Each structure stands twice: as structure tokens, then as C-alpha cells.
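All remarks here apply to the structure that follows.
The values are calculated or read from the model by the stated rules, or taken from the named source; none is laboratory data. As the structure is a prediction and not an experimental result, all values here were calculated from the model. Positions of Cβ are generated from backbone atoms using ideal geometry, with glycine treated the same way; all protein chains shown enter the neighbour counts. For the accessible areas, the whole protein counts, side chains as well, though only heavy atoms, and no ligand, DNA or RNA atoms are used. Shrake-Rupley method; radii C 1.70, N 1.55, O 1.52, S 1.80 Å.
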Amino acid sequence: MRESLQSKKRIVVKIGTSSLIYPNGNINLSGIDELAFVLTDLQNQGKEIILVSSGAIGVGMNKLNVKERPREIPEQQAVAAVGQSELMTIYNQRFQTYSQQTAQLLLTRDIIEFPQSRQNVCNTLEQLIAMGIIPIINENDTVAVDELDHLTKFGDNDQLSAIVAELIAADLLIMLSDIDGFYSANPLTDKTAQLYDEIREITPALLAQATGKGSPYGTGGMTSKLKAAQRILASNSQMILANGKQPKMIFEILAGNQLGTYFYRLEEEHA
Ligand code: ADP
């Protein structure tokens with residue numbers, strides 16, 4: 001049933017902070033290294049990979065030895081500014097081990113609102129892809145306040161990854177979180193929760209089963225992941241929500257193995 005995943009060429013991978021930072025606040029170097037290895041190998045196979053990465057605040061807190069997430073927005077932005085540059089240093093080091101060139105793109109919401117901005121971003125992404133470079137994308141935290149103060153959920157990296165996937169007509173969005181997929185309830189609080197193998201339509205009943213973030217580093221929680229899936233389905237693309245603990249399982253996902261929750265359109269037929 002998931003055989004068609006093998007042929008997906010243009011793939012956006014989104015990784016959450018919880019997969020990049022250990023619960024004690026330190027950086028998960030082996031996870032980042034494995035991610036760099038997997039994404040480079042996929043690129044070498046001829047796929048076109050785009051990475052959307054959270055983690056700027058978490059890495060910044062680690063770098064500055066800040067134990068608690070700052071409350072004030074300017075402080076959050078300062079920590080994110082330190083963390084973003086450090087995160088890119090770590091990514092660049094790891095990707096260089098595998099001789100893979102990367103690029104950093106920091107985006108704001110105007111990519112949806114202003115056609116010229118959208119076009120510029122598309123052009124840049126298409127050019128990078130054509131040059132065999134893996135773009136690493138994050139929201140521009142200095143400008144995008146909604147993402148940081150969490151007053152509105154719109155603007156988090158789950159939405160950003162779906163928007164990027166839509167912009168460049170990606171075949172697949174692989175969303176890596178700290179959980180194996182979408183469950184009938186939050187498994188942290190409900191031990192009877194069952195994992196969905198596939199979801200073909202985002203219904204109000206499903207949205208009611210999603211709650212907020214799971215870890216101190218989490219952002220939008222499952223609600224924002226379902227909204228991202230909604231956007232993906234509306235643009236006729238597909239999404240897999242899976243656990244980012246071991247990025248090598250991206251190989252298994254793309255081989256068609258039954259991992260994570262697979263979101264695809266109701267009317268789509270599978271070869
Ligand atoms: P990330 O840092 O990967 O973006 P989040 O913390 O924002 O992760 O979201 C993942 C968390 O959402 C899970 O750890 C889980 O506790 C919570 N969650 C809430 N409802 C559900 C659900 N129905 N199925 C799975 N996880 C859920």
C-alpha cells in the first residue's frame with residue numbers, strides 16, 4: 001500500500017527541537033549526525049531534499065547556559081539568534097563529513113502574503129535544488145513574533161514546512177517528532193491510545209484527539225501537525241508523521257514500510 005513512497009523525489013523533512021536536543025538540554029549530536037548522513041544519502045540517490053529545522057532557541061539556551069526558556073520576546077529572539085548560528089555551524093560540520101553542501105534560509109510569513117516574496121523564495125529554492133545543495137530552513141525569529149510568543153499557532157515550523165512543501169510542489173513531507181505518529185489520544189496521558197496507520201482526511205473528530213506539545217521543547221503539539229497535514233492534503237501532496245529519534249528509519253519509510261502515520265488524499269489511488 002505504501003509502495004508509491006519509493007518513487008517520491010522532492011522531499012521536505014521537518015525536524016522538531018525534541019529530536020535535536022536531549023531532555024537535559026544538551027545537543028543530540030548523534031541524532032543530527034545521523035540526519036545529515038541520511039539526507040545526504042537520499043540526495044546522492046537522486047532525490048531532492050529540503051530540511052526545515054527547529055531548534056534555534058534550544059541550541060541557544062544550551063550555548064548560553066540558560067536553564068529556563070526566556071519569557072520576554074526580545075530575550076527569546078536574542079537566544080534564537082545565538083542558537084540559529086550555532087545550529088547551522090553544527091549542521092554544516094555534520095553535512096561536510098558527507099561532502100554535502102547546505103544553505104540557510106530564514107523565512108517570514110510574507111512568503112504567503114506577497115507574490116513577489118513568494119517568487120523570490122521559490123527561485124532561490126529551485127536554484128539551490130538544481131545545484132544539489134540541501135536548503136536548511138527556519139522561521140526568521142527576529143522578525144516573526146507569532147512563532148515565539150505562541151499567542152497564535154500559525155507561524156510555527158509545522159506550518160512552515162507544509163508551506164515550503166506547497167511552494168516547491170514537494171512530493172512528500174516527512175515530519176519528524178518525538179512520537180511514533182498520530183494517536184487516538186495523547187499517549188502521554190492516555191495509555192489506551194492507538195496509533196493511526198493512515199489518515200486520508202482531517203476531520204473535526206481527529207482534531208479533537210490532538211492536544212498540545214509533549215516536551216518542554218515542543219511547540220505546536222499535534223494540533224499544529226494536523227493543520228500542516230490539512231494544508232498538505234489540500235495541495236494534493238502527502239505527509240508522513242514519524243518519530244525522529246532515529247533518522248535512519250527515513251530509509252524504511254521510503255521503502256514503504258509501515259512506520260508512522262501516512263496522510264494522503266481520500267480519492268488517491270495507490271499503485
Ligand atoms: P515537536 O517538538 O516534535 O514539534 P510537539 O511537542 O510539538 O513536538 O508535539 C508532539 C507531542 O504531541 C507528543 O509528544 C504528544 O505528547 C503530543 N500529542 C498530543 N496529542 C497527540 C496525539 N493524538 N497523538 C500523538 N501525540 C499527541
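Just a few scattered comments:
- Of residues in region 1-12 being out of contact with any Asp or Glu (no Cβ under 7 Å at 6 or more places or on another chain) and part of a loop (DSSP other than H, G, I, E, B), the one nearest to the ligand (Cβ to nearest atom): Arg2
- Of the residues making up region 127-141, those that are among the polar types (S, T, N, Q) and either closer than 12 Å to Val164 by Cβ or in contact with a Gly (Cβ under 6 Å, 6 or more places away or on another chain) (or both) number 1.
- Per-region count, region 33-58, residues farther than 19 Å from Ile253 by Cβ and either among the aliphatic types (A, V, I, L, M) or in contact with a Pro (Cβ under 6 Å, 6 or more places away or on another chain) (or both): 2
- Reported count of residues in region 227-265, each being polar (S, T, N, Q) and either open to solvent by less than 60 Å² (accessible area, probe 1.4 Å) or in contact with a Leu (Cβ under 7 Å, 6 or more places away or on another chain) (or both), is 5.
- Where helices (runs of 4 or more DSSP H) fall entirely within region 13-129, those with at least 1 residues that are touching a residue at least 12 places away in the same chain (Cβ under 8 Å) and closer than 22 Å to Ser177 by Cβ are at 17-20, 29-44, 56-64, 73-97.
- Residue that is surrounded by the fewest Cβ atoms within 10 Å (Cβ to Cβ) [pool: residues in region 126-157 that are modelled with pLDDT of 75 or more and farther than 20 Å from Tyr91 by Cα]: Ala130
- When Lys8, Lys63 are checked against the criterion of being among the basic types (Lys, Arg) and open to solvent by 50 Å² or more (accessible area, probe 1.4 Å), a single residue qualifies: Lys63.
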